[in-house]
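First the structure, in the form of structure tokens, and then the observations on it.
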Amino acid sequence: MVIRVLAVPDYLDLASFDEAFRSLLGWDGLGFSFHIHGQEFTSFLRRSKVHRTRLHDFQLRPRETFLYTCGGLDLWEWEFRVLACEAGDRGDDAPVCLAGRGASPPEFCGGPTGYRLMLKRQKEGDLAQMKAEHAKANADRKAKLQEKIDQLATKIQAQLEKAKERDEASLREAKAKAEVLKAKATAKAKVKAS
């Protein structure tokens with residue numbers, strides 16, 4: 001939703017109001033239409049009436065709304081609501097944007113439907129990009145984890161080989177001691193037999 005809070009003098013004619021609002025949006029514009037109190041004023045018909053009719057001619061009161069259609073091709077509809085009517089000072093002739101929310105949509109994007117599709121495509125593109133970044137991050141994490149697993153496996157394998165070598169050395173040592181003891185026992189048995 002795009003919201004703008006404007007302060008405009010009530011003596012503006014409808015064509016000047018259209019020009020001020022389009023410049024606020026950054027649009028060039030191609031035609032407009034106002035629907036106020038059941039009457040329609042367009043830039044395509046009754047051109048002189050559009051230039052003669054001023055905002056104060058409608059005697060708009062706070063909380064009253066009127067519909068403004070901007071762009072003869074895209075048909076952007078804006079609902080204007082009168083927030084307050086205040087007496088202005090001398091020199092308060094220029095329309096001013098006091099506040100707002102939401103970025104102005106691009107002028108030639110296909111109207112409200114085209115704008116919604118554009119936002120949807122951007123969101124899907126952002127979603128696809130986020131998914132790609134997430135997949136890359138997961139792949140990086142998996143690669144780092146696999147690297148750590150490989151390092152641990154190498155370390156464990158080296159420790160197992162050292163343990164095996166120690167066991168083999170202990171076994172050889174035990175066999176050597178057993179041979180020495182056997183040889184001593186055989187030598188004692190020969191001495192006793194003689």
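For residues that are farther than 15 Å from F80 by Cα and without any contact (Cβ under 8 Å) to a residue 60 or more places away in the chain, tally how many sit in the stretch 20-37. Qualifying residue count for the region: 3. Where strands (runs of 3 or more DSSP E) sit wholly within the stretch 1-72, those with at least 3 residues that are over 23 Å from G110 (Cβ atoms) and either among the aromatic types (F, W, Y) or touching a strand residue (DSSP E or B) at 6+ places or on another chain (Cβ under 7 Å) (or both) occupy 3-7.
Here, each number is a calculation from the coordinates, and none is a lab measurement. Everything numeric in this text was worked out from a predicted model, so none of it was measured. Cβ sites come from the backbone with ideal geometry, for glycine too, and all protein chains shown count toward neighbours.
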